[in-house]
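What follows is a short report on a single structure.
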Amino acid sequence: MIKKSLAVLSTAVILSTGFAKEKVDNSTQKLIESAGKRSTQAVQAKEIEKVIQEALKAYQESQEVILLLAQGKVKEAKKKMEDIKKKLSHLQSQYKGKMDLLPISVVIAEIEGVDDIKLAKNILKQAKEACEKNDIPTARDLLEALRNEIQIQTHYLPLDVYTKAVDLAYQLLEKGDVKNALNALNVAISSIEIEEVIIPKPIAEALLLIDDAKRRFKNNPESAKKLLEEAKRKIKLAQALGYVRTEDEIKPIIKEIGKLEEKIEKETAKKVLFESLEKKVKEMQTKSTQTKSR
């Protein structure tokens with residue numbers, strides 16, 4: 001079976017040309033259609049890796065101690081608190097002076113808004129008109145449709161504050177002061193800090209599509225060009241949605257993508273050019289990402 005004649009192989013290639021082209025196009029389209037889902041999954045995987053499991057366990061066990069004390073199970077609570085103190089001591093030796101806030105949980109939310117540039121501009125125009133008429137409820141509803149983003153909510157355990165509150169709670173428990181020990185533990189629990197990061201989804205998608213094109217430009221230049229064209233559209237969309245303030249800010253990147261498409265056409269594109277483009281888009285993503293703490 002392996003030793004087929006050249007003539008037979010040539011015929012097979014000619015017969016399958018139309019199917020192969022269709023398969024490539026479908027494959028490219030699937031990459032484009034899945035960019036949103038893949039961008040969210042990539043963010044989620046990266047953020048979950050940051051969670052410090054030992055810190056999370058110390059926090060969860062603190063909640064268990066509060067429940068035990070509320071049930072009058074002081075002996076069991078003290079034993080669990082000794083375990084918490086060991087965990088915190090280990091975390092202190094590992095992170096003190098290096099990381100003050102330890103991530104203990106991450107929640108990723110995906111908000112899918114308008115994905116059409118023309119529609120986005122039209123909605124923004126209507127929102128501005130509503131504001132001019134002082135019709136704020138309508139403007140608010142319209143602007144809500146322009147949200148197309150990945151939200152990351154991270155809970156942080158403040159290591160030093162948490163450790164001191166737990167130590168105090170243990171000392172009070174040793175003295176038999178359950179009421180104030182509970183108060184100290186509640187202080188520890190309430191010291192958890194929350195950070196919310198909002199990443200413009202179109203820019204995250206553009207980065208993925210550029211990476212997809214980088215992997216395909218040598219073997220499938222047409223697919224790479226199509227992927228870059230979609231990346232260009234996503235960057236324009238990010239600007240239309242307001243994540244990038246002005247068109248002037250995206251012009252250099254749009255121009256660079258155009259040049260890269262030309263080089264792919266001429267078979268002079270190189271991997272380093274994709275990496276340079278990725279770096280600039282990442283800088284734009286960093287600039288347009290919002291961070292709030294509470």
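Just so it is clear, none of the values below were taken in a lab; they were calculated from the coordinates. Worth saying up front: this structure is predicted, and the values here are computed from it rather than measured. Every residue, glycine among them, receives a Cβ derived from its backbone with ideal geometry; neighbour counts consider all protein chains shown.
Charges were assigned to the Cβ only: +1 to each Lys and Arg, -1 to each Asp and Glu. The resulting dipole of the stretch 198-294 about its Cα centre is roughly 280 debye. Exposure proxy for F217, F274: other Cβ atoms within 10 Å of each Cβ, ordered fewest to most, give F274, F217.
Positive end of the dipole of the stretch 90-173 (Cβ unit charges, origin at the Cα centre): among Q126, A165, G113, the Cα lying farthest that way belongs to A165.
The ellipsoid equivalent to the alpha-carbon distribution of the stretch 214-264 has semi-axes of 24, 11, 6 angstrom, derived from the gyration tensor eigenvalues as √(5λ) and listed largest first. Among the trypsin sites (Lys or Arg not before Pro) in the stretch 147-242, those located in a DSSP loop and surrounded by at most 13 other Cβ atoms within 10 Å of their own Cβ are K175, K218. Placing +1 on each Lys and Arg Cβ and -1 on each Asp and Glu Cβ, with no other charges, gives the chain a dipole about its Cα centre of roughly 880 debye. Listed by chain and number, the lysines whose alpha-carbon sits under 16 Å from that of K271, ignoring those within fewer than 8 places in the same chain, are K214, K218, K225, K259, K263, K279, K280.
Only helices at least 27 Å long along their own axis, judged from Cα atoms, and with Kyte-Doolittle mean hydropathy of -1.0 or greater: name those in the chain from DSSP H.
Within the chain the helices that satisfy the rule are 6-33, 221-240.
Within the chain, which is the longest segment that contains none of the GluC sites (Glu not before Pro) sitting in a DSSP loop with at most 16 other Cβ atoms within 10 Å? Result for the longest clean stretch: 113-266. Amide H contacts for L102 (H built 1.01 Å from N in the peptide plane; partners 5 or more residues away or on another chain; cut-off under 5 Å): L157, L159.
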